[in-house]
Amino acid sequence: MIHTHDTATFSARTDNIKSVTGVLLITLCALLYDARPPFPGTGALPVILGTLLILDAQTTVLNRRLLSWKPLRFIGLISYSLYLWHWPVISIYHYIFEAEPRTGIRILLTVVSMVLATVSYYVIERPFRAAQLPWHQVFLRYGSVMALLTVIFAITWQQRGFPSRWPIAFVQMLAEAEGAEDICMTS
């Protein structure tokens, strides 16, 4: 769907039809898909096609006004960081509370994810993209961070996590299980 928007070939009417069709495809998927959408696979095609139609309809009000609106552009800028942060935030909530979040909590988790994504965007993503550093300084800066994280993860793995957070009864049961000989595996 690549074209140059030659006015003789493509009109504003064509772009409006593409834009409305794209919005309808995405909206229908949002309304009709249940908790188990057919992803990845053919279930993604209507969403991809809808997005493609919207982005290709460059002359419409949707693209010129709504999608170029500063708050939506900002969400687009932090979207990768938001993609990376939202799941850990939700997972930590589930781990701590062992419950599905209610609507108010979901809004709070979204805000927390957006704050973390914004900080990540300005502290990590933008400086990394704009860096005009020689390769050895980039390697030293980010390599040392990766080395530090590797050491932290190795220590955590070697200690088998953080056993101090486990209930004493569980630690005792684990010690007994490790000391026992597994008859199934040795016979």
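The values are calculated or read from the model by the stated rules, or taken from the named source; none is laboratory data. What you see is a predicted model, and the numbers here were worked out from it, not measured in a lab. Backbone-built Cβ (ideal geometry, glycine too); neighbour counts: all protein chains shown.
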Quick check: is even one residue across the range 111-126 in contact with a His (Cβ under 9 Å, 6 or more places away or on another chain), among the acidic types (Asp, Glu) and not assigned by TED's automatic domain parsing to the domain that holds Ser11?
no
State whether one or more residues within the range 32-55 are within 24 Å of Ala12 (Cβ to Cβ), at pLDDT below 90, not assigned by TED's automatic domain parsing to the domain that holds Val119 and not in a helix (DSSP H, G or I).
no
Sole miss for Glu100 among (1) outside any helix (DSSP H, G or I); (2) closer than 30 Å to Ser11 by Cα is condition (2)
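For (1) part of a loop (DSSP other than H, G, I, E, B); (2) of a type outside the set (A, V, I, L, M, F, W, C); (3) surrounded by 13 or more Cβ atoms within 10 Å (Cβ to Cβ), each residue gets a yes or a no:
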{"site": "Cys29", "(1), (2), (3)": "no, no, yes"}
{"site": "Asn63", "(1), (2), (3)": "no, yes, yes"}
{"site": "Arg73", "(1), (2), (3)": "no, yes, no"}
{"site": "Ser81", "(1), (2), (3)": "no, yes, yes"}
{"site": "Thr110", "(1), (2), (3)": "no, yes, yes"}
{"site": "Arg129", "(1), (2), (3)": "no, yes, no"}
{"site": "Gly143", "(1), (2), (3)": "no, yes, no"}
Residue set Leu77, Leu133; condition surrounded by 11 or more Cβ atoms within 10 Å (Cβ to Cβ) and part of a helix (DSSP H, G or I); output residue Leu77
Restricting the range 162-181 to residues that are loosely packed, with under 10 Cβ neighbours inside 10 Å and among the small types (Gly, Ala, Ser), the one modelled with the lowest pLDDT turns out to be Ala180
